[in-house]
1. Restricting the search to region B:152-172, which residues are touching a Ser or Thr at 6+ places or on another chain (Cβ under 9 Å) and over 17 Å from B:Asp209 (Cβ atoms)?
2. Quick one: in region A:201-232, which of the residues that are small (Gly, Ala, Ser) and open to solvent by 10 Å² or more (accessible area, probe 1.4 Å) is farthest from A:Val38 (Cα to Cα)?
3. Would you pick out the residues in region A:112-125 that are within 11 Å of chain C (Cβ to nearest Cβ) and either on the phi > 0 side of the Ramachandran plot or touching a residue at least 40 places away in the same chain (Cβ under 8 Å) (or both)?
4. Given the residues B:Ser55, B:Ser41, B:Ser134, B:Ser128, which is the only one that is open to solvent by 20 Å² or more (accessible area, probe 1.4 Å) and in contact with a Cys (Cβ under 8 Å, 6 or more places away or on another chain)?
5. Being part of a helix (DSSP H, G or I) and touching a helix residue (DSSP H, G or I) at 6+ places or on another chain (Cβ under 6 Å) is the filter; apply it to region A:87-113 and report the residue that is modelled with the lowest pLDDT.
6. Here is a list of conditions, (1) over 22 Å from B:Arg85 (Cβ atoms); (2) of a type in the set (Phe, Trp, Tyr); (3) free of Cβ contacts under 8 Å to residues at least 60 places away in the same chain, and A:Phe66 meets all of them except one; can you say which number that is?
7. Kindly provide the set of residues from region C:96-111 that are within 14 Å of another protein chain (Cβ to nearest Cβ) and in contact (Cβ under 8 Å) with a residue 12 or more places away in the chain, ordered by number.
8. Taking B:Ala17 as the residue in question, decide whether it is crowded, with 21+ Cβ neighbours inside 10 Å, more than 14 Å from chain C (Cβ to nearest Cβ) and not in a strand (DSSP E or B).
Amino acid sequence: MRAPTENPLAAGLPDLAADIISRVRRKRPRVHCLTNAVAQSFTANVLLAAGAAPSMTIAPEEIAEFVGRADALLINLGTLDHERREAAVIAIEAASAEQRPWVLDPVLVDRSRPRAEFAKALIARRPSAVRLNSAEFAAIAGTDYGREALERFAIDGHCVAALTGATDLITDGVRTASIENGDARMAQVTAMGCAGTALAAACLAVEADAWIASCAGLLAFAIAGERAAVSARGPGSFAVEMLDSLANLDGDTLRMRACVR
Amino acid sequence: MRAPTENPLAAGLPDLAADIISRVRRKRPRVHCLTNAVAQSFTANVLLAAGAAPSMTIAPEEIAEFVGRADALLINLGTLDHERREAAVIAIEAASAEQRPWVLDPVLVDRSRPRAEFAKALIARRPSAVRLNSAEFAAIAGTDYGREALERFAIDGHCVAALTGATDLITDGVRTASIENGDARMAQVTAMGCAGTALAAACLAVEADAWIASCAGLLAFAIAGERAAVSARGPGSFAVEMLDSLANLDGDTLRMRACVR
Amino acid sequence: MRAPTENPLAAGLPDLAADIISRVRRKRPRVHCLTNAVAQSFTANVLLAAGAAPSMTIAPEEIAEFVGRADALLINLGTLDHERREAAVIAIEAASAEQRPWVLDPVLVDRSRPRAEFAKALIARRPSAVRLNSAEFAAIAGTDYGREALERFAIDGHCVAALTGATDLITDGVRTASIENGDARMAQVTAMGCAGTALAAACLAVEADAWIASCAGLLAFAIAGERAAVSARGPGSFAVEMLDSLANLDGDTLRMRACVR
């Protein structure tokens, strides 16, 4: 990956992130999550640890009402059964009708063509942000991942595109930031990435600038991961420490540890 | 909330709770849980920690057989999809046919009218106990929460009504107890309330007096939460400590810490 | 249970297990899990802790593609709803077409006759291995559990049969080993057995001899459980320690603690 050029906006992100995280704690935004079966519990716990209020129903009959009373929506495609497929469209329509921000996490679209097609159809409905890794990007964009390709993807989709990996790259096509925080152990816990996207959704609920909100959520999550790694003895204790770390994350730690360009 | 009047029955509850919790450990009652997708795993672990034997299938084809071999049934409406809706009715019929106690937890009925309607229809089938918070109570009872309204609800429904919050209030319409134990951190872990209701179901499996059983389950759960809070450093470690605390809860701790009126 | 006779093959199993566990870490096999709703998250975390790469979708539309790209398949019947029932057959056909090993875990077939019938129909499709406890064995084999009955079951089914309990007995009908490792606390955590079977599936992905692979997975899992019990203070911390223990398990510990005959 080409190193991002110097980005004058990046310098302000740690302060903005600290402010947004404290707004989440104060406002307790409702985040409705249509997420995969494996991630539901950890995602809800991450949102609660950050101070947000999760709801998780996937039933097509009631999801519109839940989304209508929520401040942001997460759509995660990790286990894409009949009911979730139907509910996703209803939920997105409800969010759009109420002008609520929504975030798409097209998990493992590289393993299933129908899932990739479904993800593309959802992106046409204009999510505020899309989070993906390089394999998922390639499956959706039809081209290998690179910074320019990601920026093009954001411009075409009118959304923030967040490419997560050893380095996270977040762009709205015009502004691009790279985050080098985080810990390798985050990949050893199921639903860790899914929960990070949920935190970004909580940030979108309290911050209108989707690029800043996405950067704030992913930065705070990565730094919480670094802090958790200090006392973890393996992936089991890491997951526990992650929740504690997120609940106890303060602005000073965020500003001191942020590695953003 | 009006403070409950002096209740001579309350004084006996800690001893009764200690006895019921030890009966759960000894008899290992089977508790079938039709619960929401987010709560399934934590609920099963809470029941196992308390010494009960959980089963969790939601499939309409087999739930009657599971309930028929169980000692109590929990119905939790937290994620109310097609299949759970269908299975709930079958499960309740099976429990009623075998005269097994069953408990209803109408989670978030205040967020969805169809869910509130469904909850009312289930209450007409006479659960042994219903657990709800004040917003859920208002959505079902159609009136604001207050002690008299709760007692009326219990009388009309021929059930125990347990209103949980900073103070838990448990009534069968005639006998009313308030429990002031617990810890604020319990609200920071997903499915904590759901799991507390499951413990009440386990107590109903070994104690025929539904009011005493409900009080015992909620009291033991709240005190386990207090103990867990002592060593927790955040919501992640709190959830872990909660399970350890419940498994290690002894009668002396229960009697010493109980704050029941 | 009759004690197994001296088994010269057993002496080699700890070394083989150490090698297989390190192969799992090195090759990171993909294991697709069609497992019950309660077990999904813990199972994924156990596989990640062991170094494998889990995928968990249950959707009939996409499971064939996931299985086709996986190195092994787990079928667990713990919550047997419509969709899982349909997906199981599709997944097994995909695994068979690609000659991928697959493992069956017929959880709680003793509680539901339709589930037992379904399990029998799946066994006719020739899993590489079947894991069950004595009640599940009786429900499927139609005869009480005993060593000869288990060996007969393995021969008739052309599979490895792994009977788990205080002692695990693993046979392909010709070779039989018994493992006396493990800890009673493993039964106090939901999905512990399910996750152990998933680890066996990961071992089958890197070792062609299904009996050796099954023995390796169950032995490593049981020893990880013993190590976890050393520092656990209850079932909550035990589950956390189990994941840490599995991630940190080394060949020396495995060889030193193995109690195999």
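The values are calculated or read from the model by the stated rules, or taken from the named source; none is laboratory data. What you see is a predicted model, and the numbers here were worked out from it, not measured in a lab. A quick note on method: Cβ atoms are made from the backbone with ideal geometry, for glycine too, and the neighbour counts reach across all protein chains shown. For the accessible areas, the whole protein counts, side chains as well, though only heavy atoms, and no ligand, DNA or RNA atoms are used. Shrake-Rupley method; radii C 1.70, N 1.55, O 1.52, S 1.80 Å.
1. Matches in region B:152-172: B:Arg152, B:Phe153, B:Leu163, B:Thr164, B:Gly165, B:Thr167, B:Asp168, B:Leu169.
2. Looking only at region A:201-232, we keep the residues that are small (Gly, Ala, Ser), and these are A:201-202, A:205, A:208, A:210, A:213-214, A:216-217, A:220, A:222, A:224-225, A:228-229, A:231-232.
Imposing the further condition that a residue be open to solvent by 10 Å² or more (accessible area, probe 1.4 Å) reduces the set to A:205, A:208, A:210, A:229, A:231-232.
Details: A:Ala205: 24, A:Ala208: 30, A:Ala210: 27, A:Ala229: 22, A:Ser231: 25, A:Ala232: 22 Å.
That would be A:Ala208.
3. A:Phe118
4. Numbers: B:Ser55 fails: open to solvent by 20 Å² or more (accessible area, probe 1.4 Å); B:Ser41 fails: in contact with a Cys (Cβ under 8 Å, 6 or more places away or on another chain); B:Ser134 fails: in contact with a Cys (Cβ under 8 Å, 6 or more places away or on another chain).
Matching residue, one of B:Ser55, B:Ser41, B:Ser134, B:Ser128: B:Ser128.
5. Here is the first cut: in region A:87-113, the residues part of a helix (DSSP H, G or I) are A:87-97, A:109-111, A:113.
Next cut, touching a helix residue (DSSP H, G or I) at 6+ places or on another chain (Cβ under 6 Å) only: A:87, A:90-91, A:94-95, A:109-111.
Details: A:Ala87: 97, A:Ile90: 98, A:Ala91: 98, A:Ala94: 98, A:Ala95: 98, A:Val109: 94, A:Asp110: 93, A:Arg111: 88.
Within region A:87-113, the match that is modelled with the lowest pLDDT is A:Arg111.
6. (1)
7. Step one: of region C:96-111, the residues within 14 Å of another protein chain (Cβ to nearest Cβ) are C:106-111.
Across region C:96-111, the qualifying residues are C:Pro106, C:Val107, C:Leu108, C:Val109, C:Asp110.
8. Working: crowded, with 21+ Cβ neighbours inside 10 Å: yes; more than 14 Å from chain C (Cβ to nearest Cβ): yes; not in a strand (DSSP E or B): yes.
So B:Ala17 fits the description; yes.
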